[in-house]
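Worksheet: the structure to be examined is printed underneath.
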Amino acid sequence: EVQLVESGGGLVQAGGSLRLSCAASGFTFEDYAIGWFRQAPGKEREGVSCISTSDGHTLYRDSVKGRFTISSDNAKNTVYLQMSVLKPEDTAVYYCNAGSSYPGRYWGQGTQVTVSS
């Protein structure tokens, strides 16, 4: 079955960097767009970035443009989110998402990102 497994979250100081990974299995990697959502306590889940693994097209939320970069390694069935110049407002659980809709049908379990000031 389809599985999405996130890793790479942790605690970092403001201005620092983290790289999140989403390892996918159970489907043809290039058939779906894959992206990242995040959810802070008491707030709704919001889209952060997504990538088409077939042609490389990317989208970003305005608040992360210039700081975050999404990429894919199709040979490894893995999508990455490189996060730089992190801010306390980026603190959230980050979820990998895949599918042919927005949001996609499939979700990972989430990985916690905490940015201290």
Check: Whole-Hz Karplus ³J(HN,Hα) for segment 13-19, in order, using 6.51 cos²θ - 1.76 cosθ + 1.60 and θ = phi - 60°, x for Gly and Pro?
Finding: 7, 3, x, x, 9, 9, 10
Checklist line | At 0.692 mPa s and 37 °C, Stokes D of the chain from Kirkwood alpha-carbon radius, µm² per second | finding: 234 µm²/s
Item checked: Share antiparallel - DSSP beta bridges, the chain, percent rounded to 5 -> 90 percent
Check: What does the charge add up to near Tyr106, with Lys and Arg as +1, Asp and Glu as -1, over the other residues with Cβ less than 13 Å from its Cβ?
Finding: -2
Notebook entry, point to check: Label points 7 Å out from Cα along the Cβ direction at Asp31 and Ser71: separation in nm?
Noted result: 2.7 nm
Check: Between Rg and the Kirkwood Rh of segment 25-84, both from Cα atoms, what is the Rg to Rh ratio?
Finding: 1.00
Item checked: Contact order relative to length of segment 1-84, as percent, for alpha carbon pairs under 8 angstrom and 6 or more apart -> 30 percent
Next item on the list: Starting from segment 1-57, pick out the trypsin sites (Lys or Arg not before Pro) whose DSSP state is loop and whose Cβ has at most 16 other Cβ atoms within 10 Å.
Entry: Lys43, Arg45
Next item on the list: Can you spot the lysines whose alpha carbon is less than 23 Å from Lys65's alpha carbon? Ignore those fewer than 8 places along the same chain.
Entry: Lys43, Lys87
Next item on the list: Mind checking the full-extension length gain between Ser100 and Asp55? Use 0.36 nm per residue of separation minus the Cα-Cα distance, one decimal, nm.
Entry: 14.8 nm
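Tell me, in nm to one decimal, what length is gained between Ala14 and Asp62 on full extension, where the rule is 0.36 nm per residue of separation less the Cα-Cα distance? Let's see the in-between values first.
Numbers: separation 48, 0.36 × 48 = 17.28 nm, distance 1.88 nm.
Gain on stretching Ala14 to Asp62: 15.4 nm.
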Next item on the list: For segment 56-117, state which trypsin sites (Lys or Arg not before Pro) are in a DSSP loop and have at most 11 other beta carbons lying within 10 Å of their beta carbon.
Entry: Lys65, Arg105
Notebook entry, point to check: In nanometres, what is the gap between the two model label sites at Gln39 and Glu1, each 7 Å from Cα along Cα-to-Cβ?
Noted result: 1.8 nm
Check: List the GluC sites (Glu not before Pro) in segment 1-63 that DSSP assigns to loop (not H, G, I, E or B) and whose Cβ has at most 14 other Cβ atoms within 10 Å. Which are they?
Finding: Glu1, Glu44
Notebook entry, point to check: In sequence order, what are the phi-derived ³J(HN,Hα) couplings for segment 87-98 according to the Karplus relation 6.51 cos²θ - 1.76 cosθ + 1.60 with θ = phi - 60°, rounded to whole Hz, with x for glycine and proline?
Noted result: 10, x, 5, 7, 4, 4, 8, 9, 10, 7, 9, 9
Note to self: At a 4.7 angstrom Cβ threshold, list every cysteine in the chain that has nobody to pair with, or say none.
What the structure shows: Cys50
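Each reported figure results from applying straightforward, stated rules to the coordinates on display, with no laboratory input. Values in this document were obtained by computation on a predicted structure and should not be read as measured data. A quick note on method: Cβ atoms are made from the backbone with ideal geometry, for glycine too, and the neighbour counts reach across all protein chains shown.
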